[in-house]
1. Of the numbered conditions (1) over 19 Å from residue 41 (Cα atoms); (2) part of a helix (DSSP H, G or I), residue 244 fails exactly one; give the number of that condition.
2. Pairs only if they're at least six apart or on different chains, beta carbon under 9 angstrom, first in the stretch 37-66 and more than 15 Å from residue 213 (Cβ to Cβ) and modelled with pLDDT of 95 or more, second part of a loop (DSSP other than H, G, I, E, B) and of a type in the set (Lys, Arg); list them, first residue then second.
3. Mind listing just one residue for me: the one in the stretch 210-244 that is surrounded by 21 or more Cβ atoms within 10 Å (Cβ to Cβ) and within 16 Å of ligand 2 (Cβ to nearest atom) and, of those, nearest to residue 102 (Cα to Cα)?
4. Please find, within the stretch 110-158, the residue that is surrounded by the fewest Cβ atoms within 10 Å (Cβ to Cβ) out of those that are modelled with pLDDT of 95 or more, basic (Lys, Arg) and not in a helix (DSSP H, G or I).
5. Go through the stretch 18-47 and report how many residues are surrounded by fewer than 20 Cβ atoms within 10 Å (Cβ to Cβ), more than 15 Å from ligand 1 (Cβ to nearest atom), of a type outside the set (A, V, I, L, M) and assigned to a loop (DSSP other than H, G, I, E, B).
6. Can you work out which of the residues in the stretch 78-101 that are surrounded by fewer than 15 Cβ atoms within 10 Å (Cβ to Cβ) and touching a residue at least 24 places away in the same chain (Cβ under 8 Å) is nearest to ligand 1 (Cβ to nearest atom)?
7. Regarding the stretch 73-89, can at least one residue be identified that is among the hydrophobic types (A, V, I, L, M, F, W, C), within 12 Å of ligand 2 (Cβ to nearest atom) and either modelled with pLDDT of 95 or more or in a loop (DSSP other than H, G, I, E, B) (or both)?
8. List the residue pairs whose Cβ atoms are under 8 Å apart, where the first residue sits in the stretch 18-34 and is on the phi > 0 side of the Ramachandran plot, the second is surrounded by 16 or more Cβ atoms within 10 Å (Cβ to Cβ), and the two are 6 or more positions apart or on different chains.
Amino acid sequence: NETTAVTNESKTTAPQRKGVSVALNDVHLAFGSNKVLRGISFEVPAATTACLIGPSGSGKSTTLRIVNRLAEPDSGDVLLDGRSVLSDNPDKLRQRVGMVFQHFNLFPHKTVRENVTLGLIKLKGLKDEANERALLELDRVGLAHKADARPVSLSGGQQQRVAIARALAMDPEVMLFDEATSALDPELVKGVLGTITELADSGMTLVVVTHEMGFARSVAEQVMFMDEGRIIESGQPDQVFEDPKSDRLRHFLSQVL
Ligand code: ADP
Ligand code: MG
């Protein structure tokens, strides 16, 4: 059985991820009179994980979208591996920066495998190799055995792991997660967080917007707290969670912890 053969092989041939640093430098963005980002700067070193926390409407999703060029800043810079990417082709950039959303948006009429190969075929021009890569990534999220299933037959957590495999198949250098577990039933959250944790350990660079404070605490090297378009506080998880400096962060933590 072809799937099994590739599955067994992939254990030994799975490539180490090649995460690069990602940085924003004084990024501003307004929608009309709504100043959504008011000078966002951070650096996430290569192969580390940063969690972005903060109240609804504080600009977390917009910040991720800036990294992926789904939104363009009014001013400021976006750097990958120390180099500005704002004049790069956005489609090329999106191959370097994978993104996973709350709603995973798999194509229902395609198989799991086809959902993963689609981008490889369309954007990378791969053919036979697309199948191999898809099976390898599906195996790494524990779903090689579902390659020929339709998304609807999978749990929400499994579907989200397919969406993660789909992004990883493009061999990105940075991965962005925007509340990837927020739409899942509670019992399915753990599996997806486990997949993200394995990814963090694999050498990928991650920027994760999450309400899962336990995850932020145990996995992130850096936690950034956003409010009203600014990063109010950032630091190592212990520092941010145990010794918050601002009233706003203390108040936020009292509501979510
Ligand atoms: P968060 O993810 O922290 O909840 P968002 O980044 O989604 O916050 O939104 C921050 C603010 O930007 C909100 O006031 C939201 O209404 C506004 N906003 C986000 N995207 C757009 C858009 N495409 N057009 C207009 N306003 C937007
Ligand atoms: Mg959001």
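1. (2)
2. Listed by first residue and then by second, the contacts come to 46/18; 47/17; 47/18.
3. 210
4. Here the residue is 110.
5. Of the residues in the stretch 18-47, 3 are surrounded by fewer than 20 Cβ atoms within 10 Å (Cβ to Cβ), more than 15 Å from ligand 1 (Cβ to nearest atom), of a type outside the set (A, V, I, L, M) and assigned to a loop (DSSP other than H, G, I, E, B).
6. 91
7. No, the stretch 73-89 has no match at all.
8. 26/40; 26/76
The values are calculated or read from the model by the stated rules, or taken from the named source; none is laboratory data. Since we're looking at a predicted model, the values are computed, not measured. For neighbour counting, all protein chains shown are included, and Cβ atoms are generated from backbone atoms with ideal geometry for every residue, glycine included.
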